[in-house]
Structure formats: structure tokens, C-alpha cells
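So the structure is just underneath, and the comments pick up after that.
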Amino acid sequence: MTKEKTTQSAFEIAKERYAAIGVDVDQALAAMKKISLSLHCWQADDVTGFENQDAALSGGIQVTGNYPGRARNIEELRADILKATSYIAGSHRLSLHEIYGDFQGKVVDRDEVEPAHFQSWMEWAKANGMKLDFNSTSFSHPKSGDLTLANPDKGIRDFWIEHTKRCRWISEEMGKFQHDPCMMNLWVHDGSKEVPANRLKYRRILEQSLDEIFATEYKNMKDCIEAKLFGIGLESYTVGSYDFYLGYGAKKGKIVTLDTGHFHLTESVADKVSSLLLFTPEIMLHVSRPIRWDSDHVVIMNDDLADLTREIIRCDALDRVHIGLDYFDATINRIGAYVIGCRATQKAFLQALLEPAALLEQYETEGKYFERLALQEEAKSLPWNAVFDMYCLQNDVPVGEDFIAGIQAYEREVTSKR
Ligand code: RNT
Ligand code: ZN
């Protein structure tokens, strides 16, 4: 039997199996069509960007590994993204950081950047059926230090306020161009290695900076604010903590970004979804994988991811949740890293969509807790993989491990020669 035939017959059997517990597999597949992932451009080049290839990564984040083949310029990065998306079902978005502008070899400081520097990206994205998202970049710059938007020094603070305002303007133009809102993520690393004399001081400054940045109303972009637990070298205090941004987002109607690596390791990010949905407009995700710290390992299909995606589906919140990825691994083939993380995220969403939700709810309403737990357990090993294979087949991307050979060939012919 050909792979196509086995996929088809396994799918038919799975479909029957799911129907027996009240799950409509075709409906789940239709829902998958609406899920687009926002690929983070920075996995392709270890968060280097195009300002300066030799600049050190700062801001408390770290990339480890020196696997050959990192994208060194805009052409290589675009080619790598297209290669990766050729193995990922569906249509997706690309999340750009400001340092990935098309600067044409010119020095463009962060307070000088404008939409023109992203015109070629907008056209490229359109030509390739992708939408763009955006991020301001406060790290890897001489003025980054430990404090940017929360800096008591007005000169430095104003520099970053100007940068962030310009990034919102760029996002607005991207949104207009693509007829779809551009999600702009604001993350600053501001913090300190030791406990400061006064924690409130810096949070008050950050609040004022944000108010100034958000003073302009835009229609084609959406603001997302990302908290963090700590950065390397900034372990004792993070100005933009989760409490800070949750409070700010709830008060000012801004979208809170949940990066799955930015919480205490036993804290459930999934459990936050339903509360955010009640008090903030939408949710932005940075799907990542922390190992012992915010290590940004490649996303895999683990329990944390399954919990998170299940929660989003149980809340029927696909329309209000934006799924961005955020990890950087320089120890393996970087294009392969994209494909693994994206496919894992898609698999987790599909499993969540295939949950026998109605029956579980019924058991719960009837107080049948043994039955609820038993079915939750059985659901884990239902043949969701046959449905995922069909999803790949329908979308013309390799079924199962077949993409490995494609990545190997690209490495042989392209990335290993860089
Ligand atoms: C850092 C944040 C942030 C960055 C990217 C590069 O801990 O997660 O989102 O990873 O902006
Ligand atoms: Zn993040």
C-alpha cells in the first residue's frame, strides 16, 4: 500500500473510533484550517538580526550552540523560512523583530527606523501568502543596559520610547498593507541583578513610558505586552513582571503575552488562559519550552503544551488567541527546529480539538468523576495521529517523518555551504 492509501484507511478507522464517543473528526480538521502560527524569525539566525552581525546578544536572553548554517542576511533568512513552511500544513504568519529590517547596508539606529525599512518584507510576505507580526527590540544595543523604558535617565528612556512608538507605527502600516491586524509584541528586559532600593520606582516609570507609547490610537495593529520572571544577569528583579503587565493589560485593555518559558517551572500557564479571557481583550502566546529556566528549547509535544492547547479549545477561544512561537536553538539544524516546533504545536491543537468534550462535560454535570477521569485518560491514546497524517496529506505537506530527508537535502545543498 502507498503511504497515501495507508493514511486514508487509518483515517477512516480513526473517524469511526472518534464518532463512537461523539467526536466529529471532519469538524476538527475544518477547525485546524483556522489555526495559523506566527513563526518567530529569530530561530533562523540565533536572534542576530541585520544591524550588526558581530553584536553580542544582550538583555538577559541566551542562545547556545554553534551548529553551522545560520542565516546571515535577509535573503538567507527568507529562503529558510520558506523551506520551513513547506513542511508545515496551513498558512502562517511571520513575526519580525525590529532588528530584521531591510536596512540595505545602512546604519539605522533604533530611534530612526520607519515603515520603509519593512516595505520589502511586506511585499515578500504578500507574495508568499504570509501575514506579518512585529516586535520592538530593546536588547543588543549600546543603550540597552539593564534598563530601557524603565530607565530614570530621561535621555535613554526617551530613546526607547521613540523606538517603541516607531515600532507601533511600522506595525500599523503592516496591518494596513496586509488587511489584517499586525500583532505587535512589546518585551523589554528591564531588571536588576540584586534587589533594588525601591521596586516601585521603576515600575512607575515603566507605566508612564507605556502610557506615552500607547497614546496614539491605531486601527490596524494590536498591542501585546510580555512579562517575564527573570533574565540572565537580572535575576532579582524584573520591572515588567507578570503582575505588572496583567494589571496594566486589565486596566488599559491591552493584550497580555503569555510566554510559556516565563513562569515558575511548576506554574501552569494553561490555567491563566480562562482568567485572561475574562479580563483582557485577547491573548498572545509565545510557545516555548523551558528546561530548568527560560532556556527556549525547541517546542515538543509535551504535557504543558497539551494542557495549554486543550484549555484554549475548551474555552472556545481560537478567535481570541494568537499563537506565536518563541524559542532559539543553535545546536541542531535551525530549519528543522522550526518544523519540529510548529508540527508539535499543530498536533497538540488537533488533539485538543478531538477531545470528547461533550461527554466529559456530561459526566461532570452528573457528578460522575470516575467516568470523567477514565475518559480523559482514554482520550490520550485515541488515534489522533491518523487524523494528523490526514491533515498533512490534505495540505500537501509530508506525512510523518518524511520531512527529515527534505531538511537533510537542504542542509547538504544550502545551509552547510554558508
Ligand atoms: C525573552 C522574550 C522575548 C524574546 C524575543 C526575542 O525572554 O521571550 O519574547 O524571546 O523577543
Ligand atoms: Zn517571548
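Among all residues of segment 38-56, there is at least one that is surrounded by fewer than 21 Cβ atoms within 10 Å (Cβ to Cβ) and aliphatic (A, V, I, L, M). On the given criteria, is Tyr391 hydroxyl-bearing (Ser, Thr, Tyr), over 30 Å from Gln62 (Cα atoms) and crowded, with 19+ Cβ neighbours inside 10 Å? The answer is yes for Tyr391. Within segment 175-200, the residues that satisfy the criterion of being away from ligand 1 (no atom under 12 Å from the Cβ) and in contact with a helix residue (DSSP H, G or I) (Cβ under 6 Å, 6 or more places away or on another chain) are Phe177, Pro181, Cys182. One residue alone among Leu277, Leu210 is more than 14 Å from ligand 1 (Cβ to nearest atom), touching a residue at least 60 places away in the same chain (Cβ under 8 Å) and buried (at least 16 other Cβ atoms within 10 Å of the Cβ), and that residue is Leu210. For segment 19-34, a residue qualifies if it is under 21 Å from Thr345 (Cβ atoms) and in contact with a helix residue (DSSP H, G or I) (Cβ under 7 Å, 6 or more places away or on another chain), and the qualifying residues are Val25, Ala28, Leu29, Ala31, Met32.
Taking (1) surrounded by 15 or more Cβ atoms within 10 Å (Cβ to Cβ); (2) more than 16 Å from ligand 1 (Cβ to nearest atom); (3) touching a residue at least 40 places away in the same chain (Cβ under 8 Å) in turn, Lys126 satisfies each apart from (1).
Candidates Ala28, Ala89: the one that is in contact with a Cys (Cβ under 7 Å, 6 or more places away or on another chain), touching a residue at least 12 places away in the same chain (Cβ under 8 Å) and either assigned to a helix (DSSP H, G or I) or within 24 Å of Arg310 (Cα to Cα) (or both) is Ala89. For residues in segment 280-294 being more than 19 Å from Leu186 (Cα to Cα) and surrounded by fewer than 18 Cβ atoms within 10 Å (Cβ to Cβ), which is nearest to ligand 1 (Cβ to nearest atom)? Per the criteria, the residue is Trp293.
Just so you know, all these numbers are worked out from the coordinates, no wet-lab data involved. Model, not experiment: these values are computed from the prediction. Using ideal geometry, Cβ is built from the backbone for each residue, glycine included, and neighbour counts are taken over all protein chains shown.
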